[in-house]
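Each reported figure results from applying straightforward, stated rules to the coordinates on display, with no laboratory input. In this text, all values refer to a predicted model and were calculated from it rather than measured experimentally. Neighbour counts run over all protein chains shown; Cβ positions are idealised from the backbone, glycine included.
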């Protein structure tokens with residue numbers, strides 16, 4: 001009877017844990033999909049915003065123009081365009097739940113994107129441009145940078161949360177196994193000595 005009761009308790013606990021786990025997975029998948037769309041939307045919007053203002057012949061460069069121009073700058077060993085493929089890879093791994101790799105890609109993309117003002121400042125110190133060739137970063141650049149920062153931030157958070165959830169699941173399984181053993185141990189009668197009966 002105790003064994004049957006223990007099995008029923010185990011089945012009830014397992015069903016409850018499965019239902020809760022499925023609900024958590026569905027909610028997490030919805031949240032991940034929403035974050036993925038936010039990052040991608042920031043990245044795509046940056047192409048339609050002014051990214052760089054120059055006082056020379058180029059005038060204001062829009063995001064798509066800055067994208068093409070920075071690709072050509074690779075021939076001059078300027079690395080900031082590589083933030084784009086790093087972000088693409090990060091989005092791919094983020095979509096597939098590979099948080100650690102996505103976080104690494106996001107951090108690399110962020111560092112490469114931040115190299116734009118660093119290289120600009122370095123160029124000014126190395127060879128000051130004429131007054132009519134000065135440049136200023138505009139919102140398109142910052143939205144583009146934000147997409148990399150969001151990718152890195154959310155990937156790191158999900159990576160750490162995954163580690164904590166794995167520990168919690170392992171703890172629940174251990175607790176369930178302990179309760180199961182306790183519920184299925186048959187209760188044996190305690191023998192009474194004659195001295196206790198006479199006393």
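What FRET efficiency, computed as 1/(1 + (r/R0)^6) with R0 = 22 Å and r the Cβ-Cβ distance, is obtained for residue 164 and residue 95, rounded to the nearest 0.05? FRET efficiency, residue 164 to residue 95: 0.50.
One decimal place: the segment residue 123-residue 44 gains 25.6 nm when fully extended, by the rule 0.36 nm per residue minus the C-alpha distance. Note on residue 33/residue 111: beta-carbon distance plugged into 1/(1 + (r/R0)^6) with R0 of 35 Å gives a FRET efficiency of 0.85.
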